[in-house]
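So the structure is just underneath, and the comments pick up after that.
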Amino acid sequence: MDFGIASAAVESTRRLIRATRSTLSSVITHYPKIKHVEVDAESNLDLVRRLDIRQTPTTLFLNLDGREIARAVGTPKRQQVINALERI
């Protein structure tokens with residue numbers, strides 16, 4: 001892989017992660033009982049495999065039992081986050 005292309009891909013992923021973080025942070029403020037936990041995929045490869053995460057960012061919405069209620073691959077839309085949080 002060309003270094004320039006690899007650098008562009010990494011920066012693109014970083015932008016998506018920042019956008020996801022921003023969207024989640026702005027919506028979560030309206031749900032005080034919901035907790036946002038960010039996990040570094042590279043440092044947690046076993047967990048990534050177990051949860052079948054194939055792309056970053058991926059947002060999992062879990063209920064109190066840890067069961068997946070919804071999943072957003074890529075940067076979720078604000079309404080998508082709200083809909084998922086309403087189901088928890």
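When T20, T13 are checked against the criterion of being surrounded by 10 or more Cβ atoms within 10 Å (Cβ to Cβ), assigned to a helix (DSSP H, G or I) and at pLDDT 95 or above, a single residue qualifies: T20. Looking only at residues that are touching a Leu at 6+ places or on another chain (Cβ under 8 Å), of a type outside the set (V, I, T) and within 22 Å of Q79 (Cα to Cα) in segment 23-53, which one is surrounded by the most Cβ atoms within 10 Å (Cβ to Cβ)? Once the filter is applied, the top-ranked residue is Y31.
Report, by residue number, each residue of segment 29-70 that is of a type in the set (A, V, I, L, M, F, W, C), more than 13 Å from the chain's Cα centre (by Cα) and not in a loop (DSSP other than H, G, I, E, B).
First, pick out the residues of segment 29-70 that are of a type in the set (A, V, I, L, M, F, W, C): 34, 37, 39, 41, 45, 47-48, 51, 53, 60-62, 64, 69-70.
Next cut, more than 13 Å from the chain's Cα centre (by Cα) only: 34, 45, 47, 64, 69.
Result: L45, L47, I69.
Summed over segment 71-88, the residues that are polar (S, T, N, Q) and either outside any helix (DSSP H, G or I) or at positive phi (or both) give a count of 1. Summed over segment 9-33, the residues that are touching a strand residue (DSSP E or B) at 6+ places or on another chain (Cβ under 9 Å) and of a type in the set (A, V, I, L, M, F, W, C) give a count of 1.
Just the residues that are surrounded by 11 or more Cβ atoms within 10 Å (Cβ to Cβ) and of a type outside the set (A, V, I, L, M), please, taken from segment 69-85.
Restricting attention to segment 69-85, the residues satisfying the condition of being surrounded by 11 or more Cβ atoms within 10 Å (Cβ to Cβ) are 69-78, 80-85.
The answer is R71, G74, T75, P76, K77, R78, Q80, N83.
Taking (1) surrounded by 14 or more Cβ atoms within 10 Å (Cβ to Cβ); (2) free of Cβ contacts under 8 Å to residues at least 12 places away in the same chain in turn, T56 satisfies each apart from (2).
Starting from residues that are in contact with a Ser or Thr (Cβ under 8 Å, 6 or more places away or on another chain) and among the hydrophobic types (A, V, I, L, M, F, W, C), keep the ones in segment 52-77 and report whichever is nearest to K33 (Cα to Cα). Selected residue: A72. Close contacts from segment 29-53, counting a first residue that is modelled with pLDDT under 95 and a second that is β-branched (V, I, T) and part of a loop (DSSP other than H, G, I, E, B), with Cβ to Cβ under 6 Å and a gap of 6+ residues or different chains, come to A41/T56.
The values are calculated or read from the model by the stated rules, or taken from the named source; none is laboratory data. A quick note: this is a predicted structure, and the numbers were derived from the prediction, not measured. Cβ coordinates were reconstructed from backbone atoms using ideal geometry, including for glycine residues, and neighbour counts include every protein chain displayed.
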